[in-house]
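A.B. asks: For reference, the structure I am asking about is given below.
Bear in mind that the values in this text are calculations on the coordinates, not laboratory data. Being a predicted model, the structure only gives us computed values, none of them experimental. Reconstructed Cβ throughout: ideal geometry from the backbone, glycine too, with neighbour counts over all protein chains shown.
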Amino acid sequence: MASVATSADRLTEAWELGPLRVPNRVLLAPLAGIGNWFVRLQAKRYGAGMAVSEMVSTHAIHYGNEKTCVEMLRIDPRERVGGPVSIQLFGADPAMMRSAAARVAEVGADAIDINMGCPVAKVCKTGAGAALLADPDRAVAVARAAVEGAVGGQGALPVTVKLRSGLRAGETSGFDLARRLVEEAGVAAIAFHPRSAAVQHRGVPDYTLAARLVESLGAPVILTGGLGDAARVREAFAVTGASAVMLARGALGNPWLFAELVAGRERAPTPAEVVEELHWTIERAVEHLGEPRATRYLRKFYPWYLARLQMDAPSAKHLQAQLQQSETLGEVRQLLQARPAALALAV
Ligand SMILES: Cc1cc2nc3c(=O)[nH]c(=O)nc-3n(C[C@H](O)[C@H](O)[C@H](O)COP(=O)(O)O)c2cc1C
């Protein structure tokens with residue numbers, strides 16, 4: 001195993017994902033209800049080598065659901081600067097996957113990821129997400145259909161699959177399926193989350209199992225799980241030997257983590273920088289959803305940014321409640337501006 005320091009240098013190296021060149025090895029993971037074009041753009045602005053969308057329903061794309069096709073498949077030209085954009089699809093029907101993959105290629109995605117890791121009942125009861133681990137033949141058929149459908153103007157798009165290690169603790173059905181997906185379906189890389197679906201996002205990921213997959217799979221492995229800060233990312237990247245890492249909860253309201261890992265940024269953002277970034281996010285949400293919907297949508301974003309404002313806990317809690325109860329974004333902007341005294345302390 002390479003030392004953590006030597007291997008961390010490799011995070012900034014380019015690598016090949018099928019026909020694509022990805023400029024570095026630190027990617028944004030798919031995040032349901034969050035990973036839209038502007039969250040992906042934010043990650044790219046801070047140096048992410050590739051960003052994956054929130055999961056999108058193949059059923060909704062196939063039947064032309066307007067909100068899905070207009071909002072969730074929206075790719076902003078600014079996102080393309082600095083590396084590819086991947087759209088994640090979920091579904092258990094090969095024919096629908098083929099049709100959705102074709103549509104995703106048409107709208108200009110560079111790659112497609114298939115969700116075989118989501119443990120949520122709403123998804124699993126349709127046979128999709130982590131439920132596909134229990135039906136490996138179907139999983140291979142779904143992935144093959146995506147590979148066949150994903151032919152865009154620039155040729156075939158690489159298809160990746162994001163997998164759990166298994167359904168229950170100690171199971172390795174995901175590990176076993178990875179090889180079939182690569183060999184039988186032509187999948188270009190596996191994004192591996194070495195936790196079972198049963199534990200959802202709790203507990204320590206099994207990096208030993210991820211290292212075994214890296215050694216045995218004839219395709220790149222992208223590691224996800226437990227990558228909450230730069231030290232943990234560097235350590236997990238070194239011990240697994242993965243080709244790349246995907247940041248998920250660690251990147252929520254924290255695009256600076258990308259800069260730390262790929263551009264050598266050493267200091268935490270100042271409160272003024274955090275507030276400025278939150279204003280940027282608010283403006284992009286308005287651009288995406290219009291003001292009334294953005295007001296509601298942004299409520300889940302505030303706690304992530306407040307956590308970085310270096311405020312004492314009661315003040316942060318109070319400000320969070322005020323932001324989340326605001327009826328307009330004008331009120332939100334005022335609340336953020338009314339904080340300069342508290343924020344200036346640590347600038
Ligand atoms: C709010 C939230 C939404 C997520 N949405 C998706 C999703 O749409 N598709 C997916 O494959 N994984 C999804 N995940 C899983 C993450 O991509 C990632 O694999 C997981 O959080 C483990 O990484 P972490 O421990 O570093 O957060 C989600 C996780 C969270 C916390």
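A.B. asks: Rounded if a/c is under 1.5, else prolate if a/b is larger than b/c, else oblate: which is the stretch 236-345, with a ≥ b ≥ c the root eigenvalues of its Cα gyration tensor?
C.D. replies: Working: a/c = 2.29, a/b = 1.57, b/c = 1.45.
In terms of gyration-tensor shape, prolate.
A.B. asks: Same structure, new question: Any idea what the relative contact order of the stretch 157-198 is, in percent, if you count C-alpha pairs under 8 Å spaced at least 6 apart?
C.D. replies: Contact order relative to length: 55 percent.
A.B. asks: Exposed loop sites here are GluC sites (Glu not before Pro) in DSSP loop states with at most 14 other C-beta atoms within 10 Å. What is the longest stretch of the chain lacking them?
C.D. replies: Longest stretch, sites excluded: 14-265.
A.B. asks: Now for a different question. Fewest Cβ neighbours within 10 Å first, please rank HIS201, HIS288 accordingly.
C.D. replies: HIS201, HIS288
A.B. asks: Still on this structure, I have one more. In straight Cα distance, which lysines are under 28 Å from LYS125, not counting same-chain residues fewer than 8 positions off?
C.D. replies: LYS67, LYS162, LYS300
A.B. asks: One quarter of the convex hull surface, Cα atoms only: what value does that give for the chain in nm²?
C.D. replies: 16.6 nm²
A.B. asks: So between VAL81 and GLN200, what do we pick up on full extension, going 0.36 nm a residue minus the alpha carbon distance?
C.D. replies: Result: 39.5 nm gained on full extension.
A.B. asks: Once phi is turned into θ = phi - 60°, what whole-Hz ³J(HN,Hα) does the Karplus curve with 6.51, -1.76 and 1.60 give for every residue of the stretch 23-30, x standing for Gly and Pro?
C.D. replies: x, 7, 10, 10, 10, 8, 6, x
A.B. asks: May I ask you to derive the FRET efficiency for ALA134 and GLU184 from their Cβ-Cβ distance with R0 = 25 Å, giving the value to the nearest 0.05?
C.D. replies: After rounding, the FRET efficiency stands at 0.90.
A.B. asks: At 7 Å along Cα-to-Cβ for each site, give me the label-to-label distance between ALA156 and GLU16 in nm.
C.D. replies: 1.4 nm
A.B. asks: What does the extension gain come out to for HIS279 and LYS300, with contour length at 0.36 nm per residue minus their alpha carbon separation?
C.D. replies: 6.1 nm
A.B. asks: I want to check the label-to-label distance for HIS318 and GLU215. Put each point 7 Å from Cα in the C-beta direction and report it in nm to one decimal.
C.D. replies: Placing both labels 7 Å beyond Cα along the Cβ direction yields 5.6 nm.
A.B. asks: Moving on to the next point. What is the local net charge at ARG308, summed over the other residues whose Cβ is closer than 10 Å to its Cβ (Lys, Arg +1; Asp, Glu -1)? Working shown, then result.
C.D. replies: Working: positive: none; negative: GLU273, GLU277.
The answer is -2.
A.B. asks: Using the Karplus equation 6.51 cos²θ - 1.76 cosθ + 1.60 (θ = phi - 60°), what ³J(HN,Hα) coupling, rounded to whole Hz, does each residue of the stretch 287-297 give in order, writing x for Gly and Pro?
C.D. replies: 4, 7, 10, x, 4, x, 5, 4, 4, 6, 4
A.B. asks: Relative to the present Cα-Cα distance, how much length would full extension add between LEU335 and ARG232 at 0.36 nm per residue of separation?
C.D. replies: Numbers: separation 103, 0.36 × 103 = 37.08 nm, distance 3.43 nm.
Using 0.36 nm per residue and subtracting the Cα-Cα distance, I get 33.6 nm.
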